[in-house]
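I am attaching a structure below and will ask some questions about it afterwards.
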Amino acid sequence: MALGRKRIRLGEILIREGCLNEEELQRALSLQKGTGKRLGEILVENAIVTGDELAQALSNQLGLARVDMLSVDIPQEILDLVPVNVLKKHGVLPFSYKPDSPNTLLVAMSDPMDLTAIDDVSIVTNLAVEPVVSTNQSIRLALDKYFGQGELQSAAEQYAAEKVAFVEETYTESEDILNSPIVQLVTNMVESAVRQRSSDIHIEPLEHSVRVRYRIDGALYDRASYQPSVLPAIVTRVKIISGMDISEKRKPQDGRMTQVVDSLEYDIRVSTIPTVFGEKVVLRLASKTALNRSKDQLGMRPDEIERFDHIISNPHGIFLVTGPTGSGKSTTLYTALSALNKEDVNIITVEDPVEANINGVNQIQVNPRADLTFASALRSILRQDPDIIMIGEIRDEETAQIAVQASITGHLVVSTLHTNSAASTLTRLMDMGIEPYLLADSMVGVIAQRLVRKLCPDCKKAVEATTEEKVLLRYPGDKPLTIYERCGCAKCGGTGFIGRTGVYEIMEISPTIKRIIEQGGNAEDIKEQALNEGMLTLRMSASKYVEEGVTTIEEMRKVSFDT
């Protein structure tokens, strides 16, 4: 159905569809004032409605078709019809000619009532335009997929042609600088990485090129390659906005910056290190809201949530989350803190760095230069009348000793440790000098965790498990078992995976396990008793995900090499 020229109000449509009430509409309209943003953007940004609810309501009320832009393959001739700056300005994307009308262009729009956008596309293409409803996020992702790398390459080439010089001593964020190719290159690189669900950007100097790789769902993928002459300007730009010394090129440096992408603020930790071909830069991207999740969003099963809740309901004791770097420990800790964050408790954290802000929680940033270490901060906060203490990481014997003393004197202490399993965490603390009787008295629970990549539901392929695979899964050899392999499609960017989920080994410290610890028992003794009490190992938890078709055998093997 082609839209008439009469403007229909979005608020009225959403109220008719039952997506929001009059009070929520008025709140959104007041938030919209002075922002220059569309009402739909404000509603989604403030979680008043979801992008899907908005798209479905518009589709129902206006009688328009819906399209998921991530599952559409757009021909190059369509992509060439409208300049990318016009598409990005309006947040629209043409994707096909209308089957029964070759002079009509189907255009994906999150706001199909935007007559200005329709007119602009129609004038540029000299074709009739028929809007098709899509979510703003899927349009932005598709724009990035089809035009993102081209824009990055174009900015790099423009820089090489102009040889723009940064005046290091008198650098100011003037409009000319902000519009310069290298600034656009860095900004677009971060936007592109965020839209592809990346956690890290690696900018690596090689002998004859600069390689850019994104870490997506835990694996690195090549995303761009530039001339070596571009590297110094990229490094200088990143150093300037992350507060580093641009004149120091011989030492590693660390910094922080923030950038807003699609209305979400991202906290970016930056690290540079000199290599033989120049400085390598790594940017770690974290959404300010990503660490505050509910327990079911972590991937915990109902029985695991029950155990988790029981452990953190202890009024005092030590609760530890263990695993390697990048296994989601911080997210689990922040989830625990959010669950414990009530008006009648005083929560204090000591972190390095503070990764996300939690309302109502007192967070302390470690600063070794000011002699504010984990241990010294802990001694001070014990005089601040805390109920719950979070320690970012137990790194040494001194911190471990203070944590144990704090838990015995009536505080709940939550922290992380780098160990491979729940049982080995307890023996590690004994090795750090904690007396077994003190450890038995203070520990309330340990969670060992890893992350596995989830198979893309649109393209995963069912196969019959082989005898060897059944052995790995500890599945009866005489029973048939269907498992899934990854393939790759437009929706998952050809990787075969979309997102990750947590795999957990949750050990509650029962009276029997306390006795084993007191007697100086080893990790095997502790693990055996925990298994008797119903604990699932990482391998067992990951095997369940394979049997359910959530992940692959290869991902399970990465989580645990146990046989």
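Anything in the range 99-113 that is farther than 21 Å from Tyr146 by Cα, over 33 Å from the mean Cα position of the chain (by Cα) and either of a type outside the set (D, E, K, R) or open to solvent by less than 60 Å² (accessible area, probe 1.4 Å) (or both)? List them, or say none.
Of everything in the range 99-113, those that are farther than 21 Å from Tyr146 by Cα, over 33 Å from the mean Cα position of the chain (by Cα) and either of a type outside the set (D, E, K, R) or open to solvent by less than 60 Å² (accessible area, probe 1.4 Å) (or both) turn out to be Pro99, Ser101, Pro102, Asn103, Thr104.
Out of curiosity, is Pro83 out of contact with any Asp or Glu (no Cβ under 8 Å at 6 or more places or on another chain), surrounded by 18 or more Cβ atoms within 10 Å (Cβ to Cβ), at pLDDT 90 or above and not hydrophobic (A, V, I, L, M, F, W, C)? Break it down into steps so the answer makes sense when it comes.
Numbers: out of contact with any Asp or Glu (no Cβ under 8 Å at 6 or more places or on another chain): yes; surrounded by 18 or more Cβ atoms within 10 Å (Cβ to Cβ): no; at pLDDT 90 or above: yes; not hydrophobic (A, V, I, L, M, F, W, C): yes.
Taking the combined requirement at face value, the residue does not satisfy it.
Another question about this same structure. Filter the range 344-358 for residues that are over 18 Å from the mean Cα position of the chain (by Cα) and without any contact (Cβ under 8 Å) to a residue 12 or more places away in the chain and give the result. Even if it seems obvious, please write down each step before you answer.
Keep residues of the range 344-358 that are over 18 Å from the mean Cα position of the chain (by Cα), which gives 344-352.
Listed by number, the list holds a single entry, Asp344.
For the range 503-563, please list each of the helices (runs of 4 or more DSSP H) lying entirely inside it that holds at least 3 residues being over 22 Å from Leu438 (Cβ atoms).
523-532, 538-547, 553-559
Of all the residues that make up the range 181-220, how many are more than 22 Å from the chain's Cα centre (by Cα), outside any strand (DSSP E or B) and modelled with pLDDT of 90 or more?
Looking only at that region, the number is 4.
Something else: May I ask you to say which residue of Leu39, Leu58 is open to solvent by less than 60 Å² (accessible area, probe 1.4 Å) and farther than 25 Å from Asp458 by Cβ? Full working, then the answer.
Numbers: Leu58 fails: farther than 25 Å from Asp458 by Cβ.
Going through Leu39, Leu58 in turn, just one is open to solvent by less than 60 Å² (accessible area, probe 1.4 Å) and farther than 25 Å from Asp458 by Cβ: Leu39.
Something else about it: If the Cβ limit is 7 Å and pairs must be 6+ apart or interchain, which residue in the range 314-329 that is on the phi > 0 side of the Ramachandran plot pairs with which residue that is assigned to a strand (DSSP E or B) and basic (Lys, Arg)?
Listed pairs, sorted by first residue: Gly323/Arg450.
Could you list all residues from the range 119-136 that are farther than 23 Å from Arg9 by Cβ and at pLDDT below 90?
Those that are farther than 23 Å from Arg9 by Cβ and at pLDDT below 90: none in the range 119-136.
Each row is one residue, and each column tells you yes or no for (1) at pLDDT 95 or above; (2) touching a strand residue (DSSP E or B) at 6+ places or on another chain (Cβ under 9 Å).
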| position | (1), (2) |
| --- | --- |
| Gln405 | no, no |
| Thr409 | no, no |
| Leu426 | no, yes |
| Val446 | yes, yes |
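A further question follows. Identify, please: which residue in the range 239-256 is open to solvent by 60 Å² or more (accessible area, probe 1.4 Å) and among the acidic types (Asp, Glu) and is, among those, nearest to the chain's Cα centre (by Cα)? Give the derivation first.
Residues of the range 239-256 open to solvent by 60 Å² or more (accessible area, probe 1.4 Å): 243, 245, 247, 249-252, 254, 256.
Still in the list and also among the acidic types (Asp, Glu): 245, 254.
On the way: Asp245: 29, Asp254: 21 Å.
Of everything passing the filter in the range 239-256, Asp254 is nearest to the chain's Cα centre (by Cα).
Sort out which residues of the range 455-484 are assigned to a strand (DSSP E or B) and open to solvent by 80 Å² or more (accessible area, probe 1.4 Å), and write them in order of number.
At the first step, the residues of the range 455-484 found to be assigned to a strand (DSSP E or B) are 455, 461-464, 482-484.
Lys461, Glu464 - these are the residues of the range 455-484 that are assigned to a strand (DSSP E or B) and open to solvent by 80 Å² or more (accessible area, probe 1.4 Å).
For the range 278-301, indicate whether the set of residues that are among the β-branched types (Val, Ile, Thr), closer than 26 Å to Ala193 by Cα, open to solvent by 30 Å² or more (accessible area, probe 1.4 Å) and out of contact with any Ser or Thr (no Cβ under 6 Å at 6 or more places or on another chain) is non-empty. Break it down stepwise before answering.
To start, the set of residues in the range 278-301 that are among the β-branched types (Val, Ile, Thr) comprises 281-282, 289.
Retained after the next criterion (residues that are closer than 26 Å to Ala193 by Cα): 281-282, 289.
Of the ones still in play, those that are also open to solvent by 30 Å² or more (accessible area, probe 1.4 Å) are 282, 289.
Among the residues that remain, those that are also out of contact with any Ser or Thr (no Cβ under 6 Å at 6 or more places or on another chain) are: 289.
Checked the range 278-301: at least one residue is among the β-branched types (Val, Ile, Thr), closer than 26 Å to Ala193 by Cα, open to solvent by 30 Å² or more (accessible area, probe 1.4 Å) and out of contact with any Ser or Thr (no Cβ under 6 Å at 6 or more places or on another chain).
Now for a separate question. Just the residues that are open to solvent by 20 Å² or more (accessible area, probe 1.4 Å) and in a helix (DSSP H, G or I), please, taken from the range 126-148.
Asn136, Gln137, Arg140, Leu141, Lys145, Tyr146, Phe147
Taking Thr236 as meeting all but one of (1) modelled with pLDDT under 90; (2) open to solvent by less than 30 Å² (accessible area, probe 1.4 Å); (3) hydroxyl-bearing (Ser, Thr, Tyr), write down the number of the exception.
Of (1) modelled with pLDDT under 90; (2) open to solvent by less than 30 Å² (accessible area, probe 1.4 Å); (3) hydroxyl-bearing (Ser, Thr, Tyr), only one is false for Thr236: (1).
Please return the ranges of helices (runs of 4 or more DSSP H) entirely within the range 347-434 where 1 or more residues are closer than 30 Å to Met257 by Cα and open to solvent by 30 Å² or more (accessible area, probe 1.4 Å).
Numbers: elements: 374-381, 397-408, 422-431.
So the answer is 374-381.
Taking the residues in the range 500-528 that are touching a residue at least 60 places away in the same chain (Cβ under 8 Å) and polar (S, T, N, Q) as candidates, determine which candidate is farthest from Asp296 (Cα to Cα).
Within the range 500-528, the match that is farthest from Asp296 (Cα to Cα) is Gln519.
So Thr116 passes all but one of these: (1) modelled with pLDDT under 90; (2) surrounded by fewer than 19 Cβ atoms within 10 Å (Cβ to Cβ). Which condition number does it fail?
(1)
The values are calculated or read from the model by the stated rules, or taken from the named source; none is laboratory data. Nothing here was measured: the structure is a model prediction, and the numbers come from that model. Every residue, glycine among them, receives a Cβ derived from its backbone with ideal geometry; neighbour counts consider all protein chains shown. We work out accessible area using only protein heavy atoms, side chains counted, and drop any ligands, DNA or RNA first. Shrake-Rupley method; radii C 1.70, N 1.55, O 1.52, S 1.80 Å.
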